Every structure is written in structure tokens, then in C-alpha cells.
Amino acid sequence: MKYKKIICALCSICLIASISGCGINKNKEPIHLTLWHVYGEQVVSPINQLIEEFNNTVGAERGISVTVTSVSNSNKIHEGILAATNNEPGTPDLPDIFNCYPKTISAMQDSDILVDYHDYFTNEELSEYIPEFVEEGTFDDRLLIFPVAKSTELLFINKTLFERFAKDTGASLSELATWEGLYRTSSAYADWTDSLTPDVPNDGKAFLANDYPFHYFQVGVQSFGESFFDGDKFSFSPAYQKVWKPLAESTLKGGVWLGDGYATEALRTGDAIATIASTASVLYYENVVTYDDNTSEEIEIITLPYPHFENGTKMVMQRGTGFCTVKSNPEKEKAACTFIKWLTAPEQNTKFVTSMGYVPVCYDAYDTYLSENIAKLTDPKYKALYQTIQKVNPDFEFIYPPRFDNYLDDETKFIAAIRRLLAEGRNEYIEKTTAGGEPTLILTELTEKYFEKMRRELS
């Protein structure tokens with residue numbers, strides 16, 4: 001690790017020198033770059049100040065200026081890029097730089113219109129970045145999407161309500177480090193909340209809401225050394241069964257929220273007190289819970305690392321778009337890469353990502369600048385978030401979804417099926433236990449039954 005830090009520091013020095021030293025564009029026409037991005041709104045975007053800083057410093061020295069011409073979400077940019085590359089009537093010209101996910105590259109008729117960043121970044125420079133982030137943007141050995149700001153998934157906890165639950169039951173936050181412990185706790189919470197109203201049966205509340213159950217299965221299965229997919233089909237391997245069992249059991253008992261909205265909503269209403277969500281969702285968490293009876297109370301929200309299975313590798317899904325650069329001429333392409341190098345240099349990148357709940361993309365940001373920025377944060381939620389992110393980077397392997405044509409369709413079908421079938425199973429569990437059936441036997445029976453239903457429906 002010490003050696004890695006030394007290498008990263010040297011690379012950082014070389015990178016800064018390459019940005020600000022040679023190749024200054026004096027006595028030449030200025031190079032104007034246009035940018036489409038997904039970071040906030042046109043006027044109040046967190047990237048605005050950094051772009052202005054670049055334009056007034058390195059950009060001014062090298063005769064480069066960056067102008068934001070569109071701020072949108074990734075889906076709209078995806079549609080706009082495909083329309084422009086297909087020469088559809090009425091579409092705007094392509095920008096010089098734009099945000100996208102890998103799905104945009106896969107859907108393009110001709111990705112040769114994009115710059116291969118290997119032409120402008122040395123291997124030494126690229127070694128400064130988290131390798132999994134670079135790998136996700138690589139297509140057939142061409143680096144087409146450069147990591148700028150990433151996100152990942154964490155466990156958010158309503159600490160205020162958790163402490164009440166823990167006082168009565170002895171529950172511990174340390175149990176939430178593993179999926180097995182998290183689901184045991186979820187089931188115990190459903191039982192505890194049900195016991196608070198003995199005159200109303202089966203009204204316990206869920207403990208956990210998960211924004212990304214599809215990722216849960218992919219990461220979980222892969223953490224056991226197997227693949228969730230067999231080609232472009234679901235594998236339903238033995239590892240899948242290991243991942244299915246604790247989730248299904250807790251859901252049947254009422255411990256897992258089955259709503260189709262975002263997990264942040266479940267936390268805001270008290271329908272759940274723990275959520276698996278993107279780091280960037282910190283923007284939408286509030287310090288107040290409003291209950292069904294319109295009463296409300298202030299709460300404290302904390303974050304914990306993404307859970308792992310007891311006998312599985314620590315893995316977590318990486319998320320977030322990157323920058324593509326459209327081919328033009330060598331000077332303009334180099335100018336675009338100069339801007340990207342500057343924005344992803346440790347100091348600027350840390351400043352950028354901590355304003356939005358994103359994750360830095362280079363080693364030195366974690367090693368040197370993240371702690372400094374955490375000390376400056378005033379919002380306790382953001383402090384807790386980045387203290388957790390510091391733990392995730394060295395301990396977890398970042399993975400990314402596979403690339404095949406039906407991936408998004410498979411995701412939609414899978415999520416719809418699991419919510420519908422487990423809701424059906426939950427109702428069956430209530431009916432059979434209310435009728436006097438033995439809960440443990442019923443739980444085992446229904447866990448197996450709905451696994452087979454999922455397998456048959458999605459095979």
C-alpha cells in the first residue's frame with residue numbers, strides 16, 4: 001500500500017505537470033469545448049464553479065474554454081446522442097464531451113466517432129485511477145468512457161428508530177455488516193413492531209428497503225464465485241439459492257419492504273428504517289420522518305458499508321456515468337482530455353464528488369484529500385457518508401453489470417417478478433400461520449415454492 005501511494009503521488013505530479021506545463025496554446029485561436037452533463041441543473045450545478053476555475057486557470061493558459069450547453073438526466077442524453085449519431089432530423093449537433101453509461105456505447109451504430117483515451121493518457125497516468133472504474137469504460141481494449149464521478153451502494157439507517165428497537169431487543173448495528181445478519185434483524189424488527197399493537201395482528205413494519213434488488217442478486221452470486229447469468233439468461237445456480245434464501249425468508253415474515261417506489265420514500269414515511277441505496281441518494285434523505293397519522297419527528301441518519309455474505313467476497317456494484325469525447329482534430333481532442341485530466345486530478349475531483357454524494361475516481365483522492373474535505377463538511381449525513389466511503393474503497397471490490405442486449409429488459413422483468421411473487425408469498429405465509437400452521441415449516445415450504453416459481457417464470 002505504501003508503494004502504491006508513492007507511485008500515485010508521482011503520477012499525480014506528472015499529471016499536473018502535463019496539464020499546466022508544455023503545449024500552451026499561445027497565439028492560436030482559442031479552443032471552445034461544449035459539454036452535456038448530468039450533474040444538477042444548468043444554473044446551480046456543482047460542476048459550474050469547477051468549470052469556471054478551469055477556464056480561468058489552466059484553460060486560460062492553454063487557450064481552452066469549456067461551455068455547458070445541456071444539463072439533463074442520463075436517459076435523455078442517451079436518447080439525444082443516439083438521435084444525433086443516427087442523423088435524425090431536428091437533432092442538435094453532438095457536443096465535444098458528454099456523460100453516458102456503457103449502454104449508450106453499446107447502442108451506437110458506430111462508436112468509432114469517440115476518442116480512445118489511451119491516445120491521450122499514458123499507462124502511468126491511468127494507473128492513478130481505480131482500475132474497476134476504468135475497466136467499465138473499456139470496449140474491445142478502447143477506453144471510451146472516462147470515469148469522472150462514480151457512485152456505489154451503501155446501507156442507510158434511521159439511527160433514531162433503530163436505537164429504540166435495539167433497546168427493547170438487543171439488536172446491534174454490527175449485525176448489519178452481513179446479509180445474513182441484516183435479514184435476521186429485519187425479521188426481528190417486523191416481529192417487534194407487530195408486538196407493539198397486540199390487538200392488531202400482522203401489522204409489523206419492514207426493516208429494509210432495497211432500491212436495487214437486481215444488483216443484490218448479481219453481487220451476491222458473484223461473491224460466491226459464480227455468475228448470476230448464463231450468457232444472457234439467469235443461471236439459477238446453487239449460489240443463487242444461497243442469495244435467495246435469507247431474502248425470501250425475511251420478506252415472507254414481513255421484514256423487507258416490497259413497495260415499487262424509491263427506498264428514500266420508505267425511510268421518510270417510517271415504512272422502513274434501513275435502505276440500500278446509491279451514495280448519491282444522500283441528496284434526498286431528510287432528517288424528519290412523517291408517519292401515516294401525519295405526526296412527525298426528527299431523526300439521525302447514518303451510513304454503513306454495503307453488506308456481504310459471511311462466506312462471500314466483499315463486493316459492491318459501481319454506478320455513475322463517465323465522459324465520452326467526440327473525435328474532431330488532435331488539438332481539440334487533446335484540449336478535451338486536458339480538461340478531463342484536470343477535473344479528475346485528486347484535489348479537484350474530491351471537491352467535485354463531495355458536493356454531490358459521489359465517489360472519487362483516483363487513489364490519491366482517498367489517500368490525501370478526502371479526509372480534508374470531510375472535515376469541512378457541515379451536514380452530518382454527508383460526514384457519515386464519506387466516512388463510510390473511506391472504509392469501502394480498500395475493503396470492497398467494485399464490479400459492474402455485464403453487457404448484453406437484453407440486460408435492461410431482464411432487469412425490469414426480474415424486479416417485477418420478485419416483488420409480485422414475494423408479495424404473494426407473504427400473503428400465503430400470513431394465511432397459513434393464522435390458520436395455526438407451524439411458522440418454521442411454512443417458511444421453509446414457501447421459500448422453496450417461490451424459488452421454483454421464480455425459476456420457472458424467468459427461465
Does residue 165 satisfy the criteria of being at pLDDT 95 or above, of a type in the set (Phe, Trp, Tyr) and closer than 23 Å to residue 216 by Cα? no
Note down all Cβ pairs under 8 Å where the first residue falls in segment 381-401 and is under 12 Å from residue 370 (Cβ atoms) and polar (S, T, N, Q), the second is assigned to a helix (DSSP H, G or I) and at pLDDT 90 or above, and they're at least six residues apart or on different chains. 387/374; 390/370; 390/371; 390/374
Restricting segment 197-229 to residues that are surrounded by fewer than 19 Cβ atoms within 10 Å (Cβ to Cβ) and among the small types (Gly, Ala, Ser), which is farthest from the chain's Cα centre (by Cα)? 225
Taking segment 366-380 only, how many residues are touching a Ser or Thr at 6+ places or on another chain (Cβ under 8 Å) and in contact (Cβ under 8 Å) with a residue 40 or more places away in the chain? 0
Looking at (1) part of a helix (DSSP H, G or I); (2) at pLDDT below 95; (3) polar (S, T, N, Q), which one does residue 338 not meet, given that it meets all the others? (2)
Find the residue count for segment 247-306, including only residues that are part of a loop (DSSP other than H, G, I, E, B) and either exposed (fewer than 15 other Cβ atoms within 10 Å of the Cβ) or not charged (D, E, K, R) (or both). 22
Kindly check whether there is at least one residue in segment 14-30 that is outside the structural domain of residue 411 (by TED's automatic domain parsing), closer than 18 Å to residue 326 by Cβ and modelled with pLDDT of 80 or more. no
Taking residue 372 as meeting all but one of (1) surrounded by 14 or more Cβ atoms within 10 Å (Cβ to Cβ); (2) farther than 24 Å from residue 213 by Cα; (3) not hydrophobic (A, V, I, L, M, F, W, C), write down the number of the exception. (1)
Exactly one of (1) at pLDDT below 95; (2) in contact with a Gly (Cβ under 9 Å, 6 or more places away or on another chain); (3) closer than 27 Å to residue 433 by Cβ is unmet by residue 255. Its number? (1)
Which of the residues that make up segment 193-223 are closer than 23 Å to residue 176 by Cβ and either out of contact with any Phe, Trp or Tyr (no Cβ under 7 Å at 6 or more places or on another chain) or among the basic types (Lys, Arg) (or both)? 193, 194, 195, 196, 204, 205, 212, 213, 215, 216, 219
Scan the helices (runs of 4 or more DSSP H) fully inside segment 376-459 and keep the ones with 1 or more residues being touching a Pro at 6+ places or on another chain (Cβ under 8 Å) and either farther than 30 Å from residue 352 by Cβ or not hydroxyl-bearing (Ser, Thr, Tyr) (or both). 380-395, 407-434
When residue 117 is evaluated against the numbered criteria (1) under 25 Å from the mean Cα position of the chain (by Cα); (2) over 18 Å from residue 328 (Cβ atoms), which criterion, by number, is the only one it fails? (2)
Does residue 345 satisfy the criteria of being under 25 Å from residue 112 (Cα atoms) and of a type outside the set (Val, Ile, Thr)? no
Please verify whether residue 339 is crowded, with 19+ Cβ neighbours inside 10 Å, farther than 30 Å from residue 30 by Cβ and not small (Gly, Ala, Ser), treating the condition exactly as stated. no
Those residues of segment 416-459 which are among the aliphatic types (A, V, I, L, M) and either touching a helix residue (DSSP H, G or I) at 6+ places or on another chain (Cβ under 9 Å) or surrounded by 14 or more Cβ atoms within 10 Å (Cβ to Cβ) (or both) amount to 417, 418, 421, 422, 423, 430, 442, 443, 446, 454, 458
Looking at (1) out of contact with any Cys (no Cβ under 6 Å at 6 or more places or on another chain); (2) surrounded by fewer than 20 Cβ atoms within 10 Å (Cβ to Cβ); (3) in contact (Cβ under 8 Å) with a residue 24 or more places away in the chain, which one does residue 143 not meet, given that it meets all the others? (2)
Can you name the residue in segment 62-78 that is surrounded by 15 or more Cβ atoms within 10 Å (Cβ to Cβ) and of a type outside the set (Gly, Ala, Ser) and, of all such residues, is farthest from residue 102 (Cα to Cα)? 62
Here the residues within segment 83-132 that are in contact with a strand residue (DSSP E or B) (Cβ under 6 Å, 6 or more places away or on another chain), among the acidic types (Asp, Glu) and without any contact (Cβ under 8 Å) to a residue 60 or more places away in the chain are 116
What pairs can you find where one residue is in segment 337-365 and touching a residue at least 40 places away in the same chain (Cβ under 8 Å) and over 19 Å from residue 34 (Cβ atoms), the other is of a type in the set (Asp, Glu) and assigned to a helix (DSSP H, G or I), and their Cβ atoms are less than 8 Å apart, with a gap of 6+ or different chains? 346/364; 348/53
Can you run down the residue pairs with Cβ atoms below 6 Å, 6 or more apart or on separate chains, where the first is in segment 65-76 and in the same structural domain as residue 336 (by TED's automatic domain parsing) and farther than 8 Å from residue 37 by Cα and the partner is part of a strand (DSSP E or B) and not polar (S, T, N, Q)? 65/32; 66/33; 66/35
Considering only residues that are out of contact with any Ser or Thr (no Cβ under 8 Å at 6 or more places or on another chain), of a type outside the set (Gly, Ala, Ser) and part of a loop (DSSP other than H, G, I, E, B), which ones fall in segment 225-241? 232
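The values are calculated or read from the model by the stated rules, or taken from the named source; none is laboratory data. For clarity, every value in this text was computed on a predicted model and none was experimentally measured. All Cβ positions, even for glycine, are placed from backbone atoms using ideal geometry, and neighbour counts span all protein chains on display.
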